[in-house]
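Right, one structure below, let's go through it.
The values are calculated or read from the model by the stated rules, or taken from the named source; none is laboratory data. These numbers come from a predicted model, not from an experiment. As a convention, Cβ positions derive from the backbone with ideal geometry for all residues, glycine included, and neighbour counts pool all protein chains shown. Accessible surface is based on the protein model in full, side chains and every heavy atom, while ligands, DNA and RNA are left aside. Shrake-Rupley method; radii C 1.70, N 1.55, O 1.52, S 1.80 Å.
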Amino acid sequence: GIVTKRRVSMTVAEAEAYISTRVKPYYERFIDLQVIKEMDVFLNHYDSIAPRQYISYKRSAFFGKDDPEFRLTFDRELTERRFDLSLTKASYGNLIIRPDQRLMEIKVPGSIPLWMSEALSEIGIRRHSFSKYGRAYKSFVQESATEQSKDERKIIYA
C-alpha cells in the first residue's frame, strides 16, 4: 500500500466553473499545470461527470519536527450524503464512523519509524485499510437493499 494523490488548489467557484465549462484557473507551478492536464484527460474521456457523493470530516493534523514528511492525522465526524452535493452547503448527513471513533492515518514517504511502530504496538494498534468513499458506498448499497426489500414486502402483502 502506497497511495499517491494528485491535488491542485481551487476556490469552489473555480472548481465549479472548471467542471461545467472547462475554464481553468491560472497556475504557474509545473505540478499544478500537470495535475490540470491530467484532469483534462479524465474529463475528456468521460461524457458526463457530475457530483454523486459528498464526504466531509474534521481533521487534526500533526507534522514531524525532525521529518516534515511524517504526518499523523485524526479524522472525526466523517459524514456522507448523496444529495445536496454543493461544496457551499454545510456539513451534514450520515455518519460513516461512530461519534466516539477517530480515523488515524500515518503518512510517511517510506517505512514507519521504529519509535512509531513500537508505540503503536505497545497500545495494540494494527494496520487496517479504510476508505471513506468505500465505507459511504457500502452504506448506500446496504440502505438501497433494505429499501428494495421493504418495497418487495409491500407488494407481497398488498
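For the range 126-144, the condition of being open to solvent by 90 Å² or more (accessible area, probe 1.4 Å), more than 24 Å from Thr11 (Cα to Cα) and in contact (Cβ under 8 Å) with a residue 60 or more places away in the chain holds for at least one residue.
Restricting the first member to the range 8-24 and to residues that are touching a residue at least 12 places away in the same chain (Cβ under 8 Å) and part of a loop (DSSP other than H, G, I, E, B), and the second to residues that are charged (D, E, K, R) and open to solvent by less than 70 Å² (accessible area, probe 1.4 Å), the beta-carbon pairs closer than 6 Å and six or more apart or on different chains are Val8/Asp32. Residue-level check: of (1) in contact (Cβ under 8 Å) with a residue 60 or more places away in the chain; (2) surrounded by 10 or more Cβ atoms within 10 Å (Cβ to Cβ), Ser56 misses just (1).
Residue-by-condition table, conditions (1) within 30 Å of Ser111 (Cα to Cα); (2) hydrophobic (A, V, I, L, M, F, W, C):
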position	(1), (2)
Val8	yes, yes
Glu16	no, no
Ile19	no, yes
Tyr26	no, no
Phe42	no, yes
Phe62	yes, yes
Asp67	yes, no
Arg71	yes, no
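Before we move on, is Ser20 open to solvent by 70 Å² or more (accessible area, probe 1.4 Å), over 20 Å from the mean Cα position of the chain (by Cα) and not acidic (Asp, Glu)?
So Ser20 fits the description; yes.
Scanning the range 98-121 for residues that are farther than 18 Å from Ser60 by Cβ and of a type in the set (Asp, Glu) returns a single hit, Glu118.
So which of Leu78, Leu95 is among the hydrophobic types (A, V, I, L, M, F, W, C), surrounded by 12 or more Cβ atoms within 10 Å (Cβ to Cβ) and free of Cβ contacts under 8 Å to residues at least 24 places away in the same chain? Result: Leu95 is the single residue among Leu78, Leu95 that is among the hydrophobic types (A, V, I, L, M, F, W, C), surrounded by 12 or more Cβ atoms within 10 Å (Cβ to Cβ) and free of Cβ contacts under 8 Å to residues at least 24 places away in the same chain. Could you tell me which residue of the range 59-75 is farthest from Leu103 (Cα to Cα), considering only residues that are free of Cβ contacts under 8 Å to residues at least 40 places away in the same chain and among the aromatic types (Phe, Trp, Tyr)? Within the range 59-75, the match that is farthest from Leu103 (Cα to Cα) is Phe63. Of all residues in the range 98-115, those that are without any contact (Cβ under 8 Å) to a residue 24 or more places away in the chain and not charged (D, E, K, R) total 6. Against the list (1) closer than 30 Å to Val12 by Cα; (2) open to solvent by less than 100 Å² (accessible area, probe 1.4 Å), the condition Glu69 fails is (2).
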